[in-house]
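S.K.: The structure is given below, and queries will be raised subsequently.
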């Protein structure tokens, strides 16, 4: 099996054309080869691989990746190489979401491993210190021990130097501004929060219009810093295609990033419904 390779130039040309043609970019996460192949067939531009998606495929919530139960980068690299790459045709490009704060790995080596397997795009979400509330004790302890946004910014900068596509992500305006100013990523996603819905989603009570308003507030500030940045919407109340359409109608985002919305939630519904129909079968009465 030989999977078609792509390059930074080809990826950015494809995304730029979609922006010019006013067709939304679709970035979607996959925790298994089956999901990745279906996302590619459906027309996703980018398939994200990261430890949160891998755990989500095993029935855990995405945020379980924040607990030290696995080597995040090893999980991402292993399942990308063994599960995702062989399942794809090469129509979508893969973005590996990496833990730039891994104390046991030189990130240049990790990026080289990505390139060797044909992954030409990376993000800083796997996981990011931006997930953690800055007014919390755990945030102060983590940053004191060297787990910082600085490392994520340096990784994104290095990825571009290595001719890879960089996709930045942050939860707060402060972190978003720093990533845009210092890393100058090709694509950026203001993460509005953990996606609601299903068995493991988290519902903060925010409505889709509130998610759109917060996202657009971030967009307005970020475009002042980098007018040509491609901005992608994700998270919080963005659960359904209807929610995504609302985001496209009420923000200046060039596209949508889905995780649970095109993976965990539809799997939960479809598998449960099919299994329940089988489980409800009964022997014919004599």
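S.K.: Give me a count of the residues in segment 102-113 that are crowded, with 16+ Cβ neighbours inside 10 Å and either at pLDDT below 95 or within 21 Å of residue 56 (Cβ to Cβ) (or both).
M.R.: Result for segment 102-113: 2.
S.K.: Additional query: Anything in segment 47-60 that is buried (at least 21 other Cβ atoms within 10 Å of the Cβ), more than 15 Å from residue 92 (Cβ to Cβ) and touching a residue at least 40 places away in the same chain (Cβ under 8 Å)? List them, or say none.
M.R.: Hits for segment 47-60 are 50, 51, 52, 56.
S.K.: Would it be correct to say that residue 118 is touching a helix residue (DSSP H, G or I) at 6+ places or on another chain (Cβ under 8 Å) and within 16 Å of residue 11 (Cβ to Cβ)?
M.R.: Criteria met by residue 118.
S.K.: I've got another one for you. What's the number of the only condition in (1) closer than 23 Å to residue 166 by Cβ; (2) part of a helix (DSSP H, G or I); (3) in contact (Cβ under 8 Å) with a residue 12 or more places away in the chain that residue 83 fails to meet?
M.R.: (1)
S.K.: Here's another thing I want to ask about it. Among the listed residues 94, 11, 27, identify the single one that is more than 30 Å from residue 133 (Cα to Cα) and at pLDDT 95 or above.
M.R.: Sole residue among the options that is more than 30 Å from residue 133 (Cα to Cα) and at pLDDT 95 or above: 11.
S.K.: Hey, can you tell me all the residues within segment 133-164 that are assigned to a loop (DSSP other than H, G, I, E, B), modelled with pLDDT under 95 and over 15 Å from residue 175 (Cα atoms)?
M.R.: 136, 145, 146
S.K.: Looking at segment 8-46 only, could you name the residues that are assigned to a loop (DSSP other than H, G, I, E, B) and either without any contact (Cβ under 8 Å) to a residue 40 or more places away in the chain or touching a strand residue (DSSP E or B) at 6+ places or on another chain (Cβ under 9 Å) (or both)?
M.R.: Listed by number, the residues that qualify are 21, 22, 23, 24, 30, 31, 43, 44, 45.
S.K.: So, one more: Find the residue count for segment 120-152, including only residues that are loosely packed, with under 15 Cβ neighbours inside 10 Å, within 23 Å of the chain's Cα centre (by Cα) and in contact (Cβ under 8 Å) with a residue 12 or more places away in the chain.
M.R.: Selection size over segment 120-152: 1.
Per-residue answers, yes or no, for (1) under 15 Å from the mean Cα position of the chain (by Cα); (2) more than 22 Å from residue 205 (Cβ to Cβ):
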| residue | (1), (2) |
| --- | --- |
| 231 | yes, yes |
| 241 | no, no |
| 251 | no, no |
| 259 | yes, no |
| 264 | yes, no |
| 276 | no, yes |
| 280 | no, yes |
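S.K.: Sticking with this one: Which residue pairs have Cβ atoms under 7 Å apart, sit 6 or more places apart or on different chains, and have a first residue in segment 204-223 that is in contact (Cβ under 8 Å) with a residue 40 or more places away in the chain and at positive phi and a second that is assigned to a helix (DSSP H, G or I) and exposed (fewer than 14 other Cβ atoms within 10 Å of the Cβ)?
M.R.: none
S.K.: Right, next: Considering only segment 178-195, state which residues are under 17 Å from residue 252 (Cβ atoms) and part of a helix (DSSP H, G or I).
M.R.: Hit for segment 178-195 is 180, nothing else.
S.K.: Could you tell me how many of the residues in segment 226-260 are within 20 Å of residue 15 (Cα to Cα) and either out of contact with any helix residue (DSSP H, G or I) (no Cβ under 7 Å at 6 or more places or on another chain) or surrounded by fewer than 19 Cβ atoms within 10 Å (Cβ to Cβ) (or both)?
M.R.: Residues that pass the stated criteria total 14.
The values are calculated or read from the model by the stated rules, or taken from the named source; none is laboratory data. Keep in mind that what you see is a predicted model, and the values were worked out from it rather than measured. Note that we place each Cβ from the backbone using ideal geometry, even for glycine, and neighbour counts take in every protein chain shown.
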